[in-house]
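Notes to accompany the following structure.
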Amino acid sequence: MEQLESLYEKVTDADVRAAADAMVANGMRDAGYVYVNIDDGWQGARLPDGTIQSNARFPDMKALADYVHSRGLKLGIYSSPGPKTCAKFEGSYGHEEQDARTYAAWGVDYLKYDLCSYGEILRNVGNGDVAAAFDLQREAYRKMHDALVATGRPIVFSVCQYGMNSVWKWGPEVGGNLWRTTGDITDKYDRMSLIGFQQAGLAKYARPGQWNDPDMLEIGNGGMTEDEYKTHISLWAILAAPLFAGNDLSKVKPEDLAILRNRSAIAIDQDPLGRQGDRVSAVGPFEIWAKPLAHGRMAIGLFNRGELSDTMTVDLRGLGFSGTVHLQNIWSANDSRSSGSFSARIPKHGVVLLVAYP
């Protein structure tokens with residue numbers, strides 16, 4: 001998925017079309033990226049009857065959706081359960097059914113529903129009654145989900161409230177297809193690794209059609225090294241996380257595009273078994289993560305979070321393998337076989353990502 005957040009409030013119809021064209025031209029679509037998602041800033045004023053309008057930068061949303069669809073892609077849009085979005089544009093408060101019908105009529109395929117100003121409403125509930133505020137928050141998301149379903153158009157529903165109140169426990173109840181588990185990511189290794197590695201323990205809450213979302217990929221924005229970007233997508237793949245490219249695909253460097261388009265990493269993320277991976281061990285800065293895959297295979301990530309390169313070893317027998325194991329190394333051509341353990345030297349902030357099978 002391409003998410004047009006880098007342009008934020010200045011995004012235009014032309015930017016969305018250009019993103020769709022770029023995804024076709026550079027192979028992102030064929031690698032499996034399907035949605036072009038517009039973030040905050042597309043909204044205009046409401047008509048007297050309350051119907052939401054797009055602003056002057058988006059003169060015809062139906063025509064835009066038709067264009068995106070013509071490129072073999074899908075269109076995503078953004079709103080909030082509050083009166084205003086994070087950028088102070090029109091939210092959906094009091095207009096949920098009306099907005100859902102409008103999105104469906106335009107041909108929208110995905111809605112990110114961001115808490116934003118609804119937080120103010122929650123803070124004013126019952127003189128600080130936490131339980132009442134929690135119930136109200138869940139009801140706000142359930143209301144929009146029900147409105148989307150009532151349109152009859154399949155629209156992916158993204159619950160965005162930054163992981164508060166352990167959303168992974170109740171996201172499915174309100175119809176979420178995915179839910180943000182954290183605050184916003186940035187293009188810095190420290191922030192990315194904090195968000196990614198704190199997903200440990202959440203695997204049991206994910207299943208096909210209902211996913212934990214640790215926010216978008218920052219690959220290509222220039223704030224991390226190549227090794228750090230490989231760590232980024234490797235960890236997200238093991239997490240079965242939704243893969244949103246948060247960079248400008250019209251200007252992406254070949255080395256960054258190669259990471260984003262790595263079909264083996266994407267295949268791990270999109271594996272049909274539909275299982276999220278989890279942490280196997282953590283010793284100092286060294287972490288091993290594993291994800292069960294279809295056909296008895298397993299994705300294994302050896303992550304070096306330290307500041308120096310070092311050798312890491314994984315015990316394959318401890319992961320349930322016996323006999324000879326074939327190891328496909330995703331980021332190199334150095335495939336191998338082992339009957340017990342696997343060792344590799346890993347650069348600082350780097351990763352070795354493997355697919356293991358008998």
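The values are calculated or read from the model by the stated rules, or taken from the named source; none is laboratory data. No experiment lies behind these values; they were computed from the predicted model shown. Neighbour counts run over all protein chains shown; Cβ positions are idealised from the backbone, glycine included.
Couple of notes before you dig in:
- Of all residues in the stretch 170-187 being under 13 Å from the mean Cα position of the chain (by Cα) and of a type in the set (S, T, N, Q), the one that is surrounded by the fewest Cβ atoms within 10 Å (Cβ to Cβ): THR182
- Any hit, the stretch 113-125, residues being assigned by TED's automatic domain parsing to the domain that holds GLU90, among the small types (Gly, Ala, Ser) and at positive phi: no
- Hey, LEU202 surrounded by 16 or more Cβ atoms within 10 Å (Cβ to Cβ) and farther than 16 Å from GLY277 by Cα or not: no
- Any hit, the stretch 222-242, residues being within 27 Å of MET23 (Cβ to Cβ), surrounded by fewer than 20 Cβ atoms within 10 Å (Cβ to Cβ) and either outside the structural domain of ASP21 (by TED's automatic domain parsing) or under 17 Å from the mean Cα position of the chain (by Cα) (or both): no
- Count of the stretch 138-157 residues which are exposed (fewer than 14 other Cβ atoms within 10 Å of the Cβ) and within 20 Å of PHE244 (Cβ to Cβ): 1
- All helices (runs of 4 or more DSSP H) inside the stretch 180-292 with 1 or more residues being within 21 Å of CYS160 (Cβ to Cβ) and in contact with a helix residue (DSSP H, G or I) (Cβ under 7 Å, 6 or more places away or on another chain): 189-197, 226-238, 263-269
- Within the option set VAL125, VAL167, being surrounded by 16 or more Cβ atoms within 10 Å (Cβ to Cβ) and assigned to a loop (DSSP other than H, G, I, E, B) holds for one residue only, VAL125.
- Some residue of the stretch 61-69 being outside any helix (DSSP H, G or I) and on the phi < 0 side of the Ramachandran plot: no
- Selection over the stretch 128-156 of residues that are assigned to a helix (DSSP H, G or I), charged (D, E, K, R) and farther than 20 Å from ASP99 by Cα gives a count of 1.
- Residue within the stretch 123-135 that is out of contact with any helix residue (DSSP H, G or I) (no Cβ under 7 Å at 6 or more places or on another chain), of a type in the set (Val, Ile, Thr), more than 26 Å from ASP269 (Cβ to Cβ) and at pLDDT below 95 present: yes
- Some residue of the stretch 158-171 being modelled with pLDDT of 95 or more, closer than 20 Å to TYR35 by Cα and of a type outside the set (A, V, I, L, M, F, W, C): yes
- Only a single criterion out of (1) aliphatic (A, V, I, L, M); (2) loosely packed, with under 14 Cβ neighbours inside 10 Å; (3) touching a Ser or Thr at 6+ places or on another chain (Cβ under 7 Å) is not satisfied by ALA265, namely (2).
- Only one of GLU307, GLU255, GLU287 that is at pLDDT 95 or above and either within 27 Å of ALA25 (Cβ to Cβ) or of a type in the set (Ser, Thr, Tyr) (or both): GLU255
- The requirement of being hydrophobic (A, V, I, L, M, F, W, C) and free of Cβ contacts under 8 Å to residues at least 24 places away in the same chain is not satisfied by LEU148.
- Test: residue in the stretch 252-273 that is over 23 Å from MET216 (Cα atoms) and touching a Pro at 6+ places or on another chain (Cβ under 8 Å): no
- The test for being assigned by TED's automatic domain parsing to the domain that holds CYS86, within 17 Å of GLN276 (Cα to Cα) and touching a residue at least 24 places away in the same chain (Cβ under 8 Å) does not hold for ALA245.
- Within the stretch 308-358, restricting attention to residues that are touching a helix residue (DSSP H, G or I) at 6+ places or on another chain (Cβ under 8 Å) and assigned to a loop (DSSP other than H, G, I, E, B), the residue that is nearest to SER193 (Cα to Cα) is HIS349.
- Selection status of LEU319, surrounded by fewer than 20 Cβ atoms within 10 Å (Cβ to Cβ), modelled with pLDDT of 95 or more and aliphatic (A, V, I, L, M): yes
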